[in-house]
2 protein chains.
Amino acid sequence: MIPPAHLDALLEFLRFPSISTDSSHRADMHACAGWLAARLRTAGLEAVIRPTEGHPVIVAKNARREGRPTVLIYGHYDVQPVDPLNLWIHPPFEPHIENGIIFARGATDNKGQILAHVLGVAETLAEQGELPVNLTFLIEGEEEIGSTHLEAFLIEHRQELACDIAAVSDTGMLGRGIPTCTYGLRGIACAELLVHGPAQDLHSGIYGGAVANPATAVARLVHSLHDEDGHVAVPGFYDRVRPLEAWEREAWENLPYGDSDILELTGVPELFGEQGFGSLERIWARPTAEVNGIGGGYQGEGSKTVIPSTSMAKLSFRLVPDQDPADTLELVRLHLESQCPPGIRITFRAGHSGRPYLMDPNSPYGRAAATALESTFGRSPCFIREGGSIPIIRTIRDVLGADTLMLGLALPDCRAHSPNENFPLENFEAGIRLNRHLLAALAEPG
Amino acid sequence: MIPPAHLDALLEFLRFPSISTDSSHRADMHACAGWLAARLRTAGLEAVIRPTEGHPVIVAKNARREGRPTVLIYGHYDVQPVDPLNLWIHPPFEPHIENGIIFARGATDNKGQILAHVLGVAETLAEQGELPVNLTFLIEGEEEIGSTHLEAFLIEHRQELACDIAAVSDTGMLGRGIPTCTYGLRGIACAELLVHGPAQDLHSGIYGGAVANPATAVARLVHSLHDEDGHVAVPGFYDRVRPLEAWEREAWENLPYGDSDILELTGVPELFGEQGFGSLERIWARPTAEVNGIGGGYQGEGSKTVIPSTSMAKLSFRLVPDQDPADTLELVRLHLESQCPPGIRITFRAGHSGRPYLMDPNSPYGRAAATALESTFGRSPCFIREGGSIPIIRTIRDVLGADTLMLGLALPDCRAHSPNENFPLENFEAGIRLNRHLLAALAEPG
């Protein structure tokens, strides 16, 4: 059973509409950060809210003691936007509990998971007055927009944030009760393509036939990103992709997760992806070119016979070792410019990005993480990569020199980034216990 | 000079937000129809508002007398939607006059033009107590949505609406002070393409690579509508297209309107269209496939890394003699289904449509129209086709057996269907005079 005070804390946290990408929620971001810092202080840590050029970062610590490892727990208090709002059964910032599952934006990603760590620490400190490690919480407000200012923050505060190992619960479990350790993540590179044609929307009768249509052009440009077999058709895109290792391919074949799960979770009529690869390899170890949004012209009720003046596409590329985001976006830009049809001009704007990450799950801290997961769930964990991107994990290695243990509690049907995001209370409770096992195991790695 | 009462009438008419495609404006449609019927009665006609299954139709008449031709003047009181609203310099339903030009949605299309006819009749009746012809006004509220219910209305009221010739001012002039008679129009066939993929928006990291993306798919489907040379790539699309006649090609070469005008009016970097045809032929005598809107996924500020559940495109096809709208949409449907990629389902919804129209400008009534235009503007008119569609004009011929004289007053830069639609007051005044010359000329066609 979860103590009522813990559940109240989760409900309070979830009620903040802390949408980092939308500037109209700036005040909500500050309010949410303030609430979380107060919670960390109540738990018994020293907590400070540090400004950045974007949303603030929270840093909280216990007293340092010599002779024990320093652990950095990373998480984020910002959430994804909520549209399409009409598909939510309950309002996204009014948490609703049904059959032991809590529904709200941020329930899984990442408020439920990071709060479990905070409450685990609070329990240990309340019972023992001390933690087995030197602990630092680093909780940011820009994860959903690419951790824009966190790299500079890490560089500026590298002494204060120095650590031996980092841990994060912002990844997935393969299924209910299946402990899962993630040792690799894809990187990401986002961009926006703007397509310009006539100076204003035109009557499609008066001019149709004699001028290029930006909505047709954006379709052509987006279409040019792939070939018929699902390969990305940008020249040079795959040049630096590192192939999957033999042990990984073998381990993945035996995982309790595969095509039938993906079919059920997504509701697609059939799976489709790059020819020549299985689904897990496509998601975890192959790069993609996705269109996250496309738009132009009239999208309302009925019809409006215009040639739109502009159109656009929001693009993101998931990257794998050893692809580089900036190099990839440059290849894409050159490709799109080469494909730009007559009568059209394009603008290509690079967005946020992050490099891919890979660690060795058989390292001493990796084995300690496996021990903690086994103690929490009563069975040995699965080792996987993930298709999502947590760019800061690569940055933590590059700036602080520490690997990150990814001990996620997100279920495959958690609907992160989608309407009706949810988190089972049993995972919230497991997260609290996991924190206690983890800090104990990391105190004596090996 | 325009009498102040005439200008007040125009301002009142333009203030009604009579957007027929948007059901939230239904009350505005009724209010606008009521206002117009009252105006027609004030002019001295008997006017009735007749309901349809959609927006009401207004019919107004003078007393019938034997031995003179019956003329039907057709127009519409509905207007196009106004978005993107932020591009309007003044609010679209708050008419603004600057340098002798009135800016408002509907200023040219069609409120300014039809009201000029009403006021011309009012002047003649006020001065002479009688018109030289039997006159019927037929003013509908669904032109911008394809005159959905007007064909049934014409069939039901064919006796009441019987006429020898129809006239309409809803077409263009080639330039300021250049009288223009339009003898051909393109038809239209509208459709909506809906693209379905996952059951809900998906996290593009967690699933990206293993499922088809509906935003990518809509791009592929839209792209498949054309080849690289701007030809429509739907099999069979051009089978029934009638070639341009030699006299038309010759006449069009000498018109005071061409590529440089189109470049200036549209602001495109360069013209583009079907290879092998000039701009006027592309617009007036060749069919097109246009994307009026495309949409899917996240289009707001910043980024949202989703694979959208659905996407859509609003399509319209401009048709020329002897293409048929229903046959054309069936060809398009078959083509799109043949192009549907794996992992995607599509829905194709036919929208409104209208057949193309062509008349002989050298007929007796055609010559009478030319006389009226010459009397109004002091120079002989140009004879052109137009790229737009007024489906009801074909229906008037099919149901009532009468041709329609198209004596438009819309300038090339009137921005019909676009932000900042406008109409010069000199054209409003010319329209009032044109009505008087036209009724006189039609009384004795030659």
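The values are calculated or read from the model by the stated rules, or taken from the named source; none is laboratory data. Here the structure is a predicted model, which is why all the values come from computation and not from measurement. All Cβ positions, even for glycine, are placed from backbone atoms using ideal geometry, and neighbour counts span all protein chains on display. Ligands, DNA and RNA are excluded from the accessible area calculation, which covers all protein heavy atoms including side chains. Shrake-Rupley method; radii C 1.70, N 1.55, O 1.52, S 1.80 Å.
Descriptive notes on the structure:
- GNM remark for chain B: springs join alpha carbons under 10 Å apart, and the peak mean-square fluctuation among B:Q339, B:Q113, B:Q80 falls on B:Q339.
- Cα gyration tensor shape of segment A:259-322, rounded if a/c is under 1.5, else prolate or oblate by comparing a/b with b/c: oblate
- The simple spin-label model puts a point 7 Å past each Cα toward its Cβ; for B:A233 and B:E250 those points are separated by 3.9 nm.
- Assigned charges on the beta-carbon of Lys, Arg, Asp, Glu; the protein assembly as shown dipole about Cα centre (debye): 640
- Computed with a 1.4 angstrom probe on protein heavy atoms, the A-B interface buries about 7400 square angstrom of accessible area in total.
- Sum of side-chain charges, A:E337 neighbourhood, beta-carbon under 14 Å (Lys, Arg +1; Asp, Glu -1): +3
- With the alpha-carbon atoms of segment B:85-133 aligned to their principal axes, the span from lowest to highest coordinate is 47, 19, 13 Å, starting with the largest.
- Amide H contacts under 5 Å for B:S20, placed H, 5+ residues apart: B:V79
- For A:D327, the distances from its label point to the matching points in the remaining copies are 5.7 nm, ordered from shortest, with each point set 7 Å beyond Cα toward Cβ.
- Residue of B:F16, B:F317, B:F277 that the Gaussian network model of chain B assigns the largest fluctuation, springs spanning Cα pairs under 10 Å: B:F277
- Rounded D (µm²/s) - chain B, Kirkwood Rh over Cα pairs, Stokes-Einstein at 37 °C, 0.692 mPa s: 141
- The accessible-area ordering, largest first, of the residues B:E248, A:E192 stands as A:E192, B:E248, per a 1.4 angstrom probe.
- Nearest-first distances (nm) between copies at A:E98, label 7 Å from Cα via Cβ: 5.3
- For segment B:177-209 versus segment A:154-193, the gap between their alpha-carbon centres in whole angstrom: 40
- DSSP-defined beta bridges in chain B - what % are antiparallel, rounded to 5: 70
- Ranked order, A:K61, B:K304 - accessible area, probe 1.4 Å, largest first: A:K61, B:K304
- Fraction in percent of alpha-carbon pairs per bin - 10 Å, the protein assembly as shown: 2, 12, 19, 19, 14, 12, 10, 7, 4, 1, 0, 0
- Here chain A is treated with +1 on each Lys and Arg Cβ and -1 on each Asp and Glu Cβ, and its dipole about the Cα centre works out to around 600 debye.
- Per-copy distances of the B:A443 label point, shortest first, in nm (7 angstrom along Cα→Cβ): 10.9
- Within segment B:284-356, the ratio Rg/Rh, alpha carbon atoms throughout and Rh by Kirkwood, equals 1.06.
- Partner lysines for B:K314 [C-alpha distance under 26 Å; skip if fewer than 8 residues away on the same chain]: A:K304, A:K314, B:K304
- Between B:E386, B:E270, B:E46, the Gaussian network model of chain B with springs among Cα atoms under 10 angstrom shows the greatest mean-square fluctuation at B:E270.
- Spatially proximal aspartates and glutamates relative to B:K61 (Cα-Cα < 17 Å; intrachain offsets below 8 disregarded): B:E46, B:E123, B:E130, B:E140, B:E160, B:D164
- Label point at B:L87 placed 7 Å out along Cα→Cβ; residues across segment B:305-326 whose backbone nitrogen lies under 13 Å: none
- Summary of the geometry: segment B:389-424 and segment A:322-360, compared by the centres of their Cα atoms, lie 46 Å apart.
- Taking the charge dipole of segment B:55-146 about its Cα centre, with +1 at Lys and Arg Cβ atoms and -1 at Asp and Glu Cβ atoms, the residue from B:I73, B:T124, B:G146 reaching farthest to the positive side is B:T124.
- In segment B:1-51, one over the average inverse separation of all distinct C-alpha pairs is 12.1 Å, which is the Kirkwood hydrodynamic radius.
- Whether segment A:1-135 is rounded, prolate or oblate, judged on the alpha carbon gyration tensor where a/c under 1.5 counts as rounded: oblate
- With both residues required to sit in the protein assembly as shown, DSSP beta bridges show an antiparallel share near 70%.
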